[in-house]
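To start, the structure itself, in structure tokens.
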Amino acid sequence: MWVSRRYIWCGLIIALAVACQESITAPGACPDYCPPSRVDVFDSILKSSIDRDSSFRGYVPAHAAEGLQLTTQGSSLESRAVLRFFRFPEELTQGVVGAGDSIVGLDSLRLDVAVRRRSPDVLGMELVVHRLPVSVDSQTTYADVVPFFHDSTIIATLAVPDTLASGKLSARLDASAFPTFESDSLRAAVGVALRADSAGFLELGTLESDLPAVLNRFVKVDSAGGETAEGTDARPTELDSYVALAPPSPGPDALAVGGIPSARAILRFDMPRAIVDSSDVVRATLILVPDGAAYGAPGDTFSVRAEGLTADFGPKSPLVPPTAETIALGAARVGVGASDTVRIDITHLVRPWRVDTLLARSLMLRIVPEGAILGEIRFGSSRAAIGAPAIRVTYMPLFPGVSQ
Amino acid sequence: MKRRALALLALAAAFSPADLEAQASVYSVLGIGFPGRAVGVRARSLGGAIEALDPGSAVNPAAVAGFRALRAVVTTGSTFRRYETDGLAVEGLRDTRFPFAVIGGPVARTPVSFAASYALYADRTFDLQTGDTLTLRGATVPVGDQISSDGAVTDLRGALAWVVSRSLQVGAGVHIISGSTREVFDRAFGDTNYTRVRQQTETGFSAVGFSAGVTAAPTPWLRLGAAVRTDTRLAETRGGLVIGRVNLPTTVSGGVILGLTPTVRWSLGVTWRSWSTAADDVAAHSGASAFDTWEVGSGIELGATSRIPLRAGFRYAELPFSPTSEQVREIDLAAGAGVPFAGNRAAFEFAVERQLRDGGGATERAWFLSFSLWLRP
């Protein structure tokens, strides 16, 4: 029988095409028709797997923070902003109105500040601007500036609209606002306090957040025709900081996190190898017991973050840079005044310990934004008789020989 | 010449090592897997009845003497199946693999023939999804598991046959049993606080086997064949460690081909395997039961000497592993044909099988389509 070669080749092509299909996924009929390996899930609270923990202060000082958190007068952590502006030149520099003309006299000034956030439900807020000596610096303390915050030093008051969540505020200052402006080599410094109908807070921008306070100068200049004209220039802050009443010092068995200058706590883990090296951790929760109520601005909340370390060098340990996937992980929200147990999910930090044995099995606790808020919380350390940190781990043992 | 090159190209494309596995079955999760068949498409279409006499199968090394010229054969098989277990009905499953290949021929100016073959020993390919709930941290958490295994235990055979006389041939073979499976366990939690887990591992298998056989043709219309095979214990390794060993069976096969007329041949084959020797190992490994197995096949070939022979067969087989004390049984109804081309230097063969498996609390129904291409360079 003669068979066309064309049909034979068609048959071969069909056979090869059929060879490409596959659909073998099916619901399992357990236990009879499932693999014998059972994968159990275990949950353990490890109370003695954290040791050699300690806290260190001084990571972000107030003058290097992204914000200046002001609290209303009478708050337990009352705070004031301290702003010192760059020196104005004796002549207007190129590029501003009146440049090249001689300054005949100072007409007025304008202070611009940027509000980053505020207590949303506190009404009648006012920023009260006081004149400060230009000798204020990053070492100036709350006690140092208190004598300068009285009615006789008020040079302006900025009403904060109740509807303003964030934005710019300006205040016109008389030429007489800074009587020593000339003798201070054309430099000026101000302090800002917050007043409101009830306890609250307001946060000002800084040079670090690209929202610095700015002092604008309006002067009379001698124009080319011998007549008087107006000129203006501006200077941002060369120092923007804030000072506050300090909370009580933490006890020897406490781990301080947050505050100004900001403090961080380092926790070192010594977890059983059966869990870290021979299991898949599906959930890990760090359990921290506060050693008292959280400090901070009235009504404020802040975020306590746990971050991994690329290497454990003690207080100067480099943090693992967050990725897009982890940026929102490993944090817990804490309300000022609260003393509830804080639970932070650290699954994404613990899981890499199995595959990357060079990673430090340590974590750093800090608050976000660091240094820009007064928020501070103290947790019991591993040395504390009650309230030591613990880790709760939910894990699945690996198959023998699992490669990933 | 061009046609031969094209055919060899198709053969090479089909013989992809990554796909050297066989069809899956609901029974693949039991024991060391679903047992494979070291038979070609012609033997399949005859219900396996000529296994002990077919040079295109890898059962009887003496049958290798049937290679009158150098010949290479590669087989592809596609399964379309459904199964039911305890109220669970699954349909629309399909997969395609390359379960068998052989190359063999005579050694010039000697009464010796050789063959090297690849065959499936046990298929361990499956992909199962299950759902459950767990109580974690005091809350009920739904979980979805996907458990898959991809791979097989394979049988590489080298065989030599000696033509003692025109009516008697003997042969011996060495089998290297190897292979690996990649097992993946994937668990997703219904609560996003729990991280999805994917665990992956590879399991390797190794053993050796020996076979011997004889074929005889006492009359022009009668051919007889018999073979025996024994294998060492199958070592199962994971991460470089031996995690288990399983006894492999002794196999005894026999067959007869009877020429009813010059163009009609009837065949009968019987195989017995002592799988019960693996019972303790299998029970410890997976909790399944293991039984000795019998296979009986019978087939008829019409137009055996014509250009396009037509074949039909029936096969009854017992499967070695079951999750219960009830042994699983299989009935195959087969049909097929072969078409030579390229001046009889190549042939395209195909078989269609209806497979009915019952037992162990499951029922499986499958269509198995197999194609082979053999070439004589």
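Bear in mind these aren't lab numbers, they're just calculated from the coordinates by the rules spelled out. What you see is a predicted model; the values in this text were computed from it and never measured. In this analysis, Cβ positions are derived from the backbone assuming ideal geometry, glycine residues included, and neighbour counts consider all displayed protein chains.
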TODO: Using only Cα atoms, figure out Rg for region B:274-377 and give it as a multiple of 2.2 N^0.38 Å.
DONE: 1.42
- [ ] Kindly provide the chymotrypsin sites (Phe, Trp or Tyr not before Pro) of region A:268-338 that DSSP labels as loop, not H, G, I, E or B, and whose Cβ sees at most 12 other Cβ atoms within 10 Å.
- [x] A:313
Task: In order through region A:165-177: 3J(HN,Hα) via Karplus (6.51 cos²θ - 1.76 cosθ + 1.60), integer Hz, x for Gly, Pro - done: 8, 7, x, 9, 10, 9, 9, 7, 10, 5, 4, 7, 4
Task: Theoretical FRET efficiency, 1/(1+(r/R0)^6), r = Cβ-Cβ of residue A:184 and residue A:327, R0 30 Å, to 0.05 - done: 0.10
- [ ] Over region A:309-404, consider all pairs of different Cα atoms and compute the Kirkwood hydrodynamic radius from their mean reciprocal separation; express it in Å, one decimal.
- [x] 16.0 Å
Open item on the list: Below 8 Å between Cα atoms, with a sequence gap of 6+, how large is the relative contact order for chain B in percent?
Closed with: 18 percent
Task: Theoretical FRET efficiency, 1/(1+(r/R0)^6), r = Cβ-Cβ of residue A:358 and residue B:221, R0 56 Å, to 0.05 - done: 0.15
Open item on the list: What distance in nm separates the two pseudo spin-label positions at residue A:164 and residue A:310, each 7 Å out from Cα along the beta-carbon direction?
Closed with: 4.2 nm
Task: Those GluC sites (Glu not before Pro) in region B:265-357 that DSSP places in a loop and that have at most 15 other beta carbons within 10 Å - done: B:326
Open item on the list: For the protein assembly as shown, what does the convex hull of the Cα positions come to per residue, in cubic angstrom?
Closed with: 243 Å³
TODO: List every residue whose amide H lies under 5 Å from the amide H of residue A:188, counting only residues 5 or more places away in sequence or on a different chain, with H placed 1.01 Å from N in the peptide plane.
DONE: A:85
Open item on the list: For peptide B:192-201, what's the mean number of Cβ atoms from other chains within 10 Å of each residue's Cβ?
Closed with: 6
- [ ] Specify the longest stretch of chain B that does not include any exposed loop site, a site being one of the trypsin sites (Lys or Arg not before Pro) with a non-H, G, I, E, B DSSP assignment and at most 11 other Cβ atoms within 10 Å.
- [x] B:167-377
- [ ] Sort out for me the Cα centre separation of region B:136-186 from region B:25-49, rounded to whole Å.
- [x] 12 Å
- [ ] Mind giving me the nanometre distance, one decimal, between the label points for residue B:306 and residue B:129, set 7 Å out from Cα along Cα→Cβ?
- [x] 4.9 nm
Open item on the list: In chain A, once you exclude exposed GluC sites (Glu not before Pro) (DSSP loop, at most 11 other Cβ within 10 angstrom), what's the longest stretch remaining?
Closed with: A:228-324
Task: Relative pair counts by distance (%), Cα atoms of region A:278-327, 10 Å bins - done: 16, 33, 40, 10, 1
Task: Theoretical gain in end-to-end length, residue A:338 to residue A:121 [0.36 nm per residue, Cα-Cα removed] - done: 76.2 nm
TODO: For region B:86-137, just run the numbers: alpha carbon Rg, then divide by 2.2 N^0.38 Å, N being how many residues it has.
DONE: 2.31
TODO: Mark the label point 7 Å from the Cα of residue B:331 along Cα→Cβ and return the residues of region B:278-299 whose backbone N is within less than 19 Å of it.
DONE: B:294-299
Task: Whether region A:234-283 is rounded, prolate or oblate, judged on the alpha carbon gyration tensor where a/c under 1.5 counts as rounded - done: oblate
Open item on the list: With the crude spin-label approximation of a point 7 Å out along Cα→Cβ, what separation in nm comes out for residue B:283 versus residue A:44?
Closed with: 3.4 nm
- [ ] Using only Cα atoms, locate the centre of region B:321-377 and the centre of region B:222-281, then give the distance between them in Å, rounded to an integer.
- [x] 17 Å
Open item on the list: Quick check: convex hull of the Cα atoms in region B:152-203, volume per residue, rounded to a whole Å³?
Closed with: 68 Å³
TODO: Grab every C-alpha pair in region A:36-137, bin the distances at 10 angstrom width from 0 up to the longest one, and report whole percents.
DONE: 8, 23, 21, 18, 13, 7, 6, 4, 1, 0
- [ ] Using a Gaussian network model of chain B whose springs link C-alpha atoms within less than 10 Å, name the residue from B:268, B:302, B:46 with the highest mean-square fluctuation.
- [x] B:302
TODO: Identify the residues of region A:373-398 with backbone N under 12 Å of a label point that sits 7 angstrom from the Cα of residue B:137 along the Cα-to-Cβ direction, or state none.
DONE: A:391-395
- [ ] Summarise the partner chain shielding of B:96-109 as one whole number: the mean count of Cβ atoms from other chains within 10 Å of each residue's Cβ.
- [x] 1
Task: Convex hull projection area averaged over all views, chain A, Cα basis, nm² - done: 37.0 nm²
- [ ] Work out the mean other chain Cβ neighbour count within 10 Å for the residues of B:230-242 and drop it here as an integer.
- [x] 1
Open item on the list: Taking 30 Å as R0, compute the FRET efficiency from the Cβ-Cβ separation of residue A:249 and residue A:207 and round it to 0.05.
Closed with: 0.50
Task: With eigenvalues of the C-alpha gyration tensor scaled by 5 and rooted, region A:79-244, Å - done: 30, 17, 14
TODO: Rounded to whole Hz and in sequence order, give me ³J(HN,Hα) for region B:226-236 from the Karplus expression 6.51 cos²θ - 1.76 cosθ + 1.60, θ = phi - 60°, writing x for Gly and Pro.
DONE: 8, 8, 9, 9, 9, 10, 6, 5, 7, 8, 10
Open item on the list: Which of rounded, prolate or oblate describes chain B when judged by the alpha-carbon gyration tensor and an a/c cut-off of 1.5?
Closed with: prolate
